[in-house]
Amino acid sequence: MDEFRLLSLLSDQQPRRKRVVENILKGRRTVSTLFWGMRYGILDWLGYEKKLQRDTYDSVFDQLIQEQLVEAVDQQFRLTEFGTARLNQLAKTHYQPQNLAVGQFYDSQLFQERLLLIIQVVSEYSFDNRQYYPQLASQANLQFAREWFRWFKINGTVDLFAKEIQDLLQNLNDDRLALLVAFRFMGHGTMGLTTQQLAVEYNSDVDQIAAIQTDVMLGFIPRIKENPESLLSPLIAGIDSSRVSASATQTLAEVWQHHSFKQISQQRRLKESTVKEHILEAAILLPIDEIPYDALISQSLRKQLASILSGQEIDEWQFDQLTAKLPDLDFFYFRLYQILRSKEHVK
C-alpha cells in the first residue's frame, strides 16, 4: 500500500468510508462492502491486496491526513485540493493498472504460473534439453504443462510459439512494460530476474514491479481469447472465476425459476436473511439485465420509494427516513432499490 494507490481510491467529490476502501482491497465480500465499493466505483480493486495489513493501511492513511491531502467529512474522507494535485503529480510517474476488470473474471495467479512454465518448457525443448528443474509451480500446473507440451509438439513449432509471445509483448506498445515482463521469463541458460532485482534496476519498489507484471499479463488473456487457434489458447481453459459466489449464483438461479425466499431457505437450509444477501451480492456484481428486478420489487413499491427519495443523492438515502412512512419496509428492498437506481444511472 503506497500513497499513490490510496489517493487513487479516494475522491475529491464523494466522501468515502475508510474501512470500505480497506475491505475492498482485502477482498472482504460483505454486502455492505460490495455495495459501497460499487457506489465508489472501485469494485475492480476487490481483493487486489489480500495480504494488506491494517497497521500499514492506517499508517499511510494517517500520513495523508497529516499532510492535509485527505480530510474528514462526517466520519468519511475525501481528497483535499492538495490531495488532488498530489494525485495528478504522482500519476505521471506511477503505473495505473489497466486490466483490473479482467482479474475479476480470471484466475491471474493460475494463468501467470502456466504461462511462465510453458515458456521455460519450450525454451529448453528448443535446445533439446530434458535435464532441468522446472520453476516452482503447483502440481496441477506441472501436469497441465506436461499435457500442453504433448499437444504442442503435434500442433505447433518453436518459431510459431516465439512469434506469439513476441506479438503479445509488441502489442503493448511500451518497451518498458514489455521488458519488465520479459525479464521474468525463465528459459535455457536464463534464470529470469526477480521483482527485487528489477526494482533495483528500474529504481522502483517491489510492489510496483509485481503490480505491473501481473496487470500486463492479465491483459494477455483477452488477446489470447480472440484467437482460438493460438498455441496459448489452452492456457485460459479452466481459469474462469465468477465474481459472484457459487451459493449466490445458485440462489439467483432459483429466484429466476420463481422460487420464493422461503422456499429457497427451507430447501437449502439457509436463513432467509442469507438468501436475501445472496441476491444483493449478485445484484451488485452482475449487469442489470441478469437480475429479475421486476419480480423482486413491485412497480407500486418503486413509485413509493421514488416519491419519498425524490431529489436526494443515492449516497444520502437513509433507511430510517423510509420506515417513518413505510414502517413495514424490509431493508432488503431498500438496498435492492439503491442498487437498481445505481445501475440505471450508470446505464
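Of all the residues that make up the range 180-201, how many are open to solvent by 80 Å² or more (accessible area, probe 1.4 Å) and either outside any loop (DSSP other than H, G, I, E, B) or in contact with a Phe, Trp or Tyr (Cβ under 6 Å, 6 or more places away or on another chain) (or both)?
The qualifying residues number 4.
Among (1) open to solvent by less than 30 Å² (accessible area, probe 1.4 Å); (2) touching a Phe, Trp or Tyr at 6+ places or on another chain (Cβ under 9 Å), there is one condition Tyr125 misses while meeting the rest; what is its number?
Tallying (1) open to solvent by less than 30 Å² (accessible area, probe 1.4 Å); (2) touching a Phe, Trp or Tyr at 6+ places or on another chain (Cβ under 9 Å), Tyr125 fails exactly one: (1).
Within the range 107-122, track down each residue that is open to solvent by less than 30 Å² (accessible area, probe 1.4 Å) and in contact with a helix residue (DSSP H, G or I) (Cβ under 8 Å, 6 or more places away or on another chain).
Ser108, Phe111, Gln112, Arg114, Leu115, Leu117, Ile118, Ile119, Val121, Val122 - these are the residues of the range 107-122 that are open to solvent by less than 30 Å² (accessible area, probe 1.4 Å) and in contact with a helix residue (DSSP H, G or I) (Cβ under 8 Å, 6 or more places away or on another chain).
Would you confirm whether any residue within the range 147-168 is β-branched (Val, Ile, Thr), touching a residue at least 24 places away in the same chain (Cβ under 8 Å), open to solvent by less than 30 Å² (accessible area, probe 1.4 Å) and part of a helix (DSSP H, G or I)?
yes
In the range 234-263, which residues are in contact with a Leu (Cβ under 7 Å, 6 or more places away or on another chain) and more than 30 Å from Trp151 (Cα to Cα)?
If the condition is that a residue be in contact with a Leu (Cβ under 7 Å, 6 or more places away or on another chain) and more than 30 Å from Trp151 (Cα to Cα), then Arg243, Val244 are the ones that fit.
Does any residue in the range 113-142 that is more than 25 Å from Ile239 (Cα to Cα) come within less than 6 Å, Cβ to Cβ, of a residue that is surrounded by fewer than 14 Cβ atoms within 10 Å (Cβ to Cβ) and not hydrophobic (A, V, I, L, M, F, W, C) six or more places away or on a different chain, and which pairs are these?
none
Please pick out the residue among Ser204, Ser233, Ser260 that is surrounded by 15 or more Cβ atoms within 10 Å (Cβ to Cβ), free of Cβ contacts under 8 Å to residues at least 12 places away in the same chain and not hydrophobic (A, V, I, L, M, F, W, C).
Step by step, each of Ser204, Ser233, Ser260 is checked, and only Ser204 is surrounded by 15 or more Cβ atoms within 10 Å (Cβ to Cβ), free of Cβ contacts under 8 Å to residues at least 12 places away in the same chain and not hydrophobic (A, V, I, L, M, F, W, C).
Tally time: how many residues in the range 265-285 are farther than 26 Å from Arg341 by Cα and either open to solvent by less than 80 Å² (accessible area, probe 1.4 Å) or small (Gly, Ala, Ser) (or both)?
Residues in the range 265-285 being farther than 26 Å from Arg341 by Cα and either open to solvent by less than 80 Å² (accessible area, probe 1.4 Å) or small (Gly, Ala, Ser) (or both): 3 in total.
Return yes when Arg176 is open to solvent by 70 Å² or more (accessible area, probe 1.4 Å), of a type in the set (Lys, Arg) and not in a loop (DSSP other than H, G, I, E, B) and no when it is not.
When the stated conditions are applied, Arg176 passes them.
It is to be established whether one or more residues within the range 267-285 are within 20 Å of Val31 (Cβ to Cβ) and polar (S, T, N, Q).
Yes, the conditions are met somewhere in the range 267-285.
Of all residues in the range 97-106 being open to solvent by less than 50 Å² (accessible area, probe 1.4 Å) and out of contact with any Pro (no Cβ under 7 Å at 6 or more places or on another chain), which is nearest to Ile239 (Cα to Cα)?
Among those residues, the one meeting the criterion is Tyr106.
The values are calculated or read from the model by the stated rules, or taken from the named source; none is laboratory data. The shown structure was predicted, so the numbers you read here are calculated from the model rather than taken from an experiment. Virtual Cβ from ideal backbone geometry, glycine too; neighbours counted across all protein chains shown. Note: areas computed on protein heavy atoms with side chains; ligands, DNA, RNA excluded. Shrake-Rupley method; radii C 1.70, N 1.55, O 1.52, S 1.80 Å.
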